[in-house]
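First the structure, in the form of structure tokens, and then the observations on it.
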Amino acid sequence: MPSKKGRAPTRGAFKKGDDPRRSMAGQISKPVLQFRRAIRQLLVDEGNKLHSVKNQAGETVTLSKIEWVVVAAYNAAVTGDAKARDFIVERVEGKVAQPLALDNMSEEQRNEYVRGLLAQSGWTLEEPEGEGLQDQADNGSDKPGMAIESQT
């Protein structure tokens, strides 16, 4: 019987499991939000400052700093710089999705693919000498482990 004072008792107000109304993306703390806003504002303020340069003809050219970045990226792309070209294309057209199809690769192809990715960032993936280590998941695999070494 409900009491006459206060709220009526509830039955199972808290249920186990995921609540579809809850955002699973997480929440950002106020200091982090304030920092992000401050950095964005600083970039906008700095980018809008005017900067003057004399060109080859001796004329003074005044543009905002962000306009100078665009001019520099364009000039580099026109002269053949691939990174500058990709920089412009990604901002104009958007990044192209590059899905990985590792499911269709053999074990050897996957190892070669991973070796290539690591080599791009200065690392090598080599087979260990001797018997090697067993897989940490201990799934009964007889294959030796891989050693990752830095090339720096």
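Among Q98, Q120, Q109, which is the only one that is under 30 Å from V71 (Cα atoms), modelled with pLDDT of 70 or more and either polar (S, T, N, Q) or touching a strand residue (DSSP E or B) at 6+ places or on another chain (Cβ under 6 Å) (or both)?
Matching residue, one of Q98, Q120, Q109: Q120.
So which residues in the range 46-71 are modelled with pLDDT under 90, among the small types (G, A, S) and either surrounded by 11 or more Cβ atoms within 10 Å (Cβ to Cβ) or not in a strand (DSSP E or B) (or both), if there are any at all?
Scanning the range 46-71 gives G47, A57, G58.
Starting from the range 100-112, keep only residues that are under 19 Å from W123 (Cβ atoms) and free of Cβ contacts under 8 Å to residues at least 40 places away in the same chain, then list their pairs with residues that are surrounded by 11 or more Cβ atoms within 10 Å (Cβ to Cβ) and of a type outside the set (F, W, Y) whose Cβ atoms are within a distance under 8 Å, requiring at least 6 positions of separation or different chains.
Partner pairs satisfying both residue conditions: L102/R110; N111/L125; N111/M146.
The values are calculated or read from the model by the stated rules, or taken from the named source; none is laboratory data. Worth saying up front: this structure is predicted, and the values here are computed from it rather than measured. Glycine also receives a Cβ, built like all others from the backbone with ideal geometry; neighbour counts cover every protein chain displayed.
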